[in-house]
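The values are calculated or read from the model by the stated rules, or taken from the named source; none is laboratory data. Computed from a prediction, not measured in an experiment: that's the story for all the values here. Here the Cβ positions follow ideal geometry from the backbone for every residue, glycine too, while neighbour counts run over all protein chains shown.
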Amino acid sequence: MARAITTKQKVSWTILAWAFGLLMFFPIMWTFLTSFKTEGAAIADPPVWFFFDWTLENYTAVQERSNYPKALMNSIIIAVGSTILGIIIAVPAAWAMAFVPGKRTKDVLMWMLSTKMLPAVGVLYPLVLLAKWLGVIDSRILLIVVLMLINLPIIVWMLYTYFKEIPGEILEAARMDGASLKSEIIHVLTPMAIPGIASTILLNIILAWNEAFWTILLTTVNAAPLTAFIASFSAPEGLFYAKLSAASMMAVAPILIMGWFSQKQLVRGLTFGAVK
Amino acid sequence: MNNSLRALLGATFLCASTGVAFADGHAKTITIATVNNGDMVRMQGYTDKFTEESGINVEWVTLEENVLRQRVTTDITTNGGSFDIMTIGMYETPIWGANGWLVPLDDLSAEYNAADILPAMAGGLSHDGTLFAAPFYGESSMVMYRTDLMEKAGLEMPDAPTWTFIAEAAAAMTDRDAGINGICLRGKAGWGEGGAFITATSNSFGARWFDENWKPQFDTEEWANTVNFFKDTMDASGPAGYATNGFNENLSLFNQGKCGMWIDATVAASFVTGKDSTVADHVGFALAPDNGLGKRSNWLWAWALAIPAGTQQKAEAKQFIEWATGTGYIEMVAANEGWANVPPGARTSLYENPEYQKVPFAQMTLDSILSADPNDSTVLPSPYVGVQFAAIPEFAGIATEVSQEFSAAYAGQQTVEEALANAQEIATEAMEAAGY
Amino acid sequence: MATAHSKSAARIMIAPAVFLLLVWMLVPLCMTLYFSFSDYRPLRGIFEPWVGFENYVRFFSSSSFLKSVFTTLWMVGGVLSITIIGGVLMALLLDRPIFGQGVVRMLVIAPFFIMPTVSALVWKNMFFNVDNGLFSYLYKWLGMQPYDFLSQAPIFSIVIIVAWQWLPFATLILLTAVQSLDSEQLEAAEMDGAPALSRFRFIILPHLSRAITVVILIQTIFLLSIFAEIFVTTNGAFGTRTLTYLVYQRVLESQNVGLGSAGGIIAVILANIVAIFLMRIVGKNLDT
C-alpha cells in the first residue's frame, strides 16, 4: 500500500475493527465464561463477567454423563473421512471440467449444485430404509458416505473454480515437453493446486463436523458424533446454562481451534471463483 | 434386487467400517434410548450396578425429548432395530402396542410383581389389557405454590382450588417490580408442552378435542373459554415470555423465586424442594384446579421402558426393565439419595411405604394421579383415550400445529378467536385426510 | 488444445463423481417420488402404493403451504441482506491497515465454526431468553421492559442467529475480492478528489459484484435447508415454519410420509427454480 496513513487514522480504524470483532466473538466468549460458572452464577442478575468463583464442575458433570472421547473420535473420523473420500472423487472431476471443458460441463456443474437443495427430511424415509436394508445403520462408514455425498457438490465446485484460475498455458507447455497426463497432474498441477485443495479440505471438515440431521438420525452409539452428544444436553430439567455451555464448548472447541490454526490456508483458497 | 447383491453391498460397507460390528461380539450389550430428564440421568449413574449383577453391558443413547421422539419413531416404523429398549410415554405405547411393534410384558417374573404397578399407569401403558411398557416414573400435574407469598397476600390455598381462586391468588401475588409473577404456566408450542397443559385445562372447562364422531371441537364455547381464561390470567399475572415457556423454563423461574404458583408435572415437586431451588422451604402443594364441572385439570403421564419387537436380545432387555422399574431400584436410590429422589408415581407399594409417606409431596402426587382417568377425561363424552392427548397416531402432528396457533395468540400475534378458527381448520383438514 | 485422447480421459475422470451423485440423487429421489404418490402412514401401518396426485393436491391446497414459502423467502432474504451488507463493510474494514489484524480476523471468523445446534441453543437461552437472557438485562439496564424476541420478533431472531453464522463466510470471500482490487485505480480516483462514497459506488462495488453473486449462490443453497435453528428456537411456532420445516412436520410429526414426500418433491422443484435463476446470473458472471 502506497497510500500514506496517519497513525490517528490507523488507531480509529483499529478501534472500529476491534469493536466489530469482539461483537462477533462475544457469544462464544460468553459461552466460554458461563461454562466456568456455577448454575446460580450463570443466571445472576446483574450478569457477572470475570469475577466469579471459577469452577470446573460443569465439565466434570458433562464428562460423567456421557462418553465424550468416543463422540469426539467419531466426529473426527466422520469429518475427516468424508472429506478425504470426497476429495479423491472430486479432484479428477474438477480437473477434467476445468481443463477439458465440454459442451455440457457447465450444466453438469449446475446440476451437481442443485442436488444440494434436496431437503434432507424429504429423503429421510428412503435413506433410512436403504441403510437398514444394507444393514449399516449406526456405522461410521455410512455417515462418511452420506456426508461425502452431501458435500461433494461443494467440493467439486470449489476445486473447479480454483483449478480454472490456473493458467492453461503452463499445462500446454508441459504437454509440449511431452509430459504424460499422469505426470502433468502430479508434477505440474498438484503443486499449484495445493492451496485450493487445502482450503477445500478445511471447509468440508467444518461442514461435516457441524452436520446435525443425519448424524443424529442415522446413529445410535457406535457412530454417534458430537452433534448427538449435544442433543443430550440441550434441554434437561432444571438450571442448565452452565452445563449447556460446558457441553457446547467441548463440542465446538476442537473445530474452532483447528479453524484458527489453519485460517491462512482456509482463507487463501476460499474464493469460489469470486476473484477474477 | 436379490439377496446376494444386498449382502455384497452390505458387506462392502461393513468391511470398510473397520469391524465395528464385531467389536462387542463376545459380551452381551443392550442399547437403550432415553430422554435426558433428571430421573433417567440418575438411572444411568447406577448402570454399573446392573452390569455387575447381570453381566450385561448397557449402552445409553440420551437425547432431548423432541430429538428422542424423532429418533425412536423413525426406528420403530422402519423396524430399524437400533435399540433394545426405548423410553416412550403413555401416548406412544398403546398405538405401538396395537401395531405389534412392542414385545408384550405379560411374562414378567413373580418377584417383579407387575400387579404392584399403579392401575392408572398400567392402564395407560396397555393395549387390550396387555402391558407393553413398564413405567419408570409416572406423573400427574398439580399446583405448586409459595407458602410465604400466599401468606403475604393474605390468602390460604385450599387442597382442591378452583380456577377462579387461582386467578385471584395469581393477581394478588404478582409483584412485577420485585420480579414476582403470580403464576407460571406452559405456553410453549408443542403437543407435549403447552399443548398438553391447555388440553388438560380444557377438560376442566368442559371442552373436548373431538366429539363422538371425531369432529374437532375448537369452534365451541368451552374452548373459547379455556384459551381466553388462560391468556387473560397469564397476561395479568404471568411472566413476560410465557408464550415460549415450557416445563424447563418454568422450573428455572420457580426455583429462582420468580413464580407465586406453578401448575405442572408432579415430578417437579422433588426439584422445587431440592438443592437447586432457592425457595425449597416455602413450597406447598394442591390439586390441579377445576371449575366445578366434575373434571379437574390434571393430566396423566408416564415415562416407560418398552422393548421393540425387532430386538435380538429380548431376555436381556426384560432383565433390565425388571431391574430399573422394580422395587429394588427404588430402595437403592432411597438408600443412597433419600426417599424424595426416588422415581415417583409408578408403584402402589411406594405410596404404602411409611418412609415415603413422610415426603411432603407424596400424598398430593398420589391423589393427583388417582384423580385422572384416561378413559373418562372429559365432561362431555369423547371417543378417545388419554387426558392431555388423544391416543391416535394423528394427534401429535395435529396438536403440535394447534398449540402453535395458541402460542401465537399468547404472544399477541393473533386473537384467540383467530387461533381457535385456525385450530379448527387444521384439525378438520388433518382428520379428514386421516379418513375419520 | 484438448485432444480426443484427453477428452475421453476427462470423461473417465468426471464419471465417478457424476455417477455417485446420480445414484445419490436418483435412488432416494425416486423412492421419495414413489412415496409421494402413495398413502404411506407408518404409524397406522397403512401403505397403499398408488393414490394419484392426492398428496400433491393436499399439500398445495393447505393454507400452510404458501405461508411457508413466504417465510422461507423472508428468512433467506433477511440473512442474505445482512450478511452481504455486513460482509462488504467488514471486508473493507479488515482491509485497512490496523493493529492486530490477524487477531481481529480470528474473532470475526469464529462463528463460522460453531455447530448450528449449538449457536441456536446459545442464542436462544443465553441471549433471547426473556427472563435470564443477556438482552433482557441490557433492556433493564437501559430502563426498558424486557423484550421477548422469540415470540415477538421470531423471524428476525432466527435471521440474527443464522446471519451471525454466515457473516464470516461472506466476509472472507468478499475480503479476498477487496484485496484483489487494483489499488492504483483507487488512488487515482482519490487524487482526482472523488469522495469516498462515489469511490465505493463506482469502483469498489462493481469489482465486488462477482464475489457478491458467489456469496448469494452458495449461501442460498445452505439457507434453503436451515432446520436446526428453527427446531431449537421456536419449533416452527410464531410463523417461522419454512418449507423445509413444513416437510419435517408432515414426515416426522404427523407421520404422513406420503404427504411429506409430496412436499419434499415440491420443495426440490421450487429450489431448482431458484437454482436455475441463480445459476443464470452466476453463470453469466463466471463466464467472463
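Some points to look at:
- Single condition residue A:43 does not satisfy, out of (1) away from chain C (no Cβ under 14 Å); (2) closer than 23 Å to residue C:122 by Cβ; (3) crowded, with 19+ Cβ neighbours inside 10 Å: (1)
- If you go through segment B:216-264 and keep only what is within 14 Å of chain C (Cβ to nearest Cβ), part of a helix (DSSP H, G or I) and in contact with a helix residue (DSSP H, G or I) (Cβ under 7 Å, 6 or more places away or on another chain), you end up with B:231, B:234, B:242, B:243, B:244, B:251, B:254, B:255.
- Filter pass, residue B:82 being surrounded by fewer than 24 Cβ atoms within 10 Å (Cβ to Cβ), in contact with a Ser or Thr (Cβ under 9 Å, 6 or more places away or on another chain), among the small types (Gly, Ala, Ser) and without any contact (Cβ under 8 Å) to a residue 60 or more places away in the chain: no
- Scan of segment C:39-72 for residues that are buried (at least 20 other Cβ atoms within 10 Å of the Cβ) and more than 14 Å from chain B (Cβ to nearest Cβ), ordered by number: C:72
- Verdict on residue B:415 being surrounded by 23 or more Cβ atoms within 10 Å (Cβ to Cβ) and either farther than 26 Å from residue B:99 by Cβ or within 11 Å of chain C (Cβ to nearest Cβ) (or both): no
- Filter result for residue B:391 (touching a residue at least 24 places away in the same chain (Cβ under 8 Å), surrounded by 23 or more Cβ atoms within 10 Å (Cβ to Cβ) and not acidic (Asp, Glu)): no
- Scan of segment C:32-52 for residues that are hydroxyl-bearing (Ser, Thr, Tyr) and assigned to a strand (DSSP E or B), ordered by number: C:40
- Within segment B:413-436, being touching a residue at least 60 places away in the same chain (Cβ under 8 Å) and under 29 Å from residue B:232 (Cα atoms) holds for B:416, B:417, B:419, B:420, B:421, B:423, B:424, B:427, B:428.
- Pairs where the first residue, in segment B:44-63, is within 8 Å of chain A (Cβ to nearest Cβ) and the second is small (Gly, Ala, Ser) and not in a strand (DSSP E or B), C-beta under 6 Å, 6+ apart: B:62/A:232; B:63/A:231; B:63/A:232
- Residues that are more than 10 Å from chain A (Cβ to nearest Cβ), aliphatic (A, V, I, L, M) and not in a loop (DSSP other than H, G, I, E, B) were ranked within segment C:227-268; the one that is farthest from residue A:108 (Cα to Cα) is C:230.
- Residue match in segment B:94-104 (condition: within 16 Å of residue B:324 (Cβ to Cβ) and surrounded by 24 or more Cβ atoms within 10 Å (Cβ to Cβ)): no
- Selection of segment A:57-94 for residues being without any contact (Cβ under 8 Å) to a residue 24 or more places away in the chain, under 16 Å from residue A:253 (Cα atoms) and among the hydrophobic types (A, V, I, L, M, F, W, C) yields only A:73.
- Which listed residue, of C:185, C:179, C:255, is farther than 28 Å from residue A:114 by Cα, in contact (Cβ under 8 Å) with a residue 24 or more places away in the chain and more than 17 Å from the chain's Cα centre (by Cα): C:179
- Filter result (surrounded by 14 or more Cβ atoms within 10 Å (Cβ to Cβ) and part of a helix (DSSP H, G or I)) within segment C:141-155: C:149, C:150, C:151, C:152, C:154, C:155
- Of the residues making up segment A:174-215, those that are among the polar types (S, T, N, Q) and in contact with a Gly (Cβ under 9 Å, 6 or more places away or on another chain) are A:199, A:200, A:204.
- Enumeration of residues in segment A:64-121 that are of a type in the set (Lys, Arg), away from chain C (no Cβ under 12 Å) and buried (at least 17 other Cβ atoms within 10 Å of the Cβ): A:65
- In segment B:178-199 there is at least one residue matching the filter, namely being surrounded by fewer than 24 Cβ atoms within 10 Å (Cβ to Cβ), away from chain C (no Cβ under 12 Å) and free of Cβ contacts under 8 Å to residues at least 24 places away in the same chain.
- Any hit, segment A:151-165, residues being over 23 Å from the mean Cα position of the chain (by Cα), surrounded by fewer than 22 Cβ atoms within 10 Å (Cβ to Cβ), at pLDDT 80 or above and within 30 Å of residue C:41 (Cα to Cα): no
- Helices (runs of 4 or more DSSP H) lying entirely in segment A:1-66 (those with 2 or more residues that are closer than 24 Å to residue B:256 by Cβ and aromatic (Phe, Trp, Tyr)): A:7-34
- Within the span defined as segment A:244-257, one or more residues are within 20 Å of the chain's Cα centre (by Cα), part of a helix (DSSP H, G or I) and under 29 Å from residue A:95 (Cβ atoms).
- For segment B:254-264, filtered to residues that are surrounded by fewer than 24 Cβ atoms within 10 Å (Cβ to Cβ) and touching a residue at least 40 places away in the same chain (Cβ under 8 Å), the residue that is farthest from residue B:197 (Cα to Cα) is B:257.
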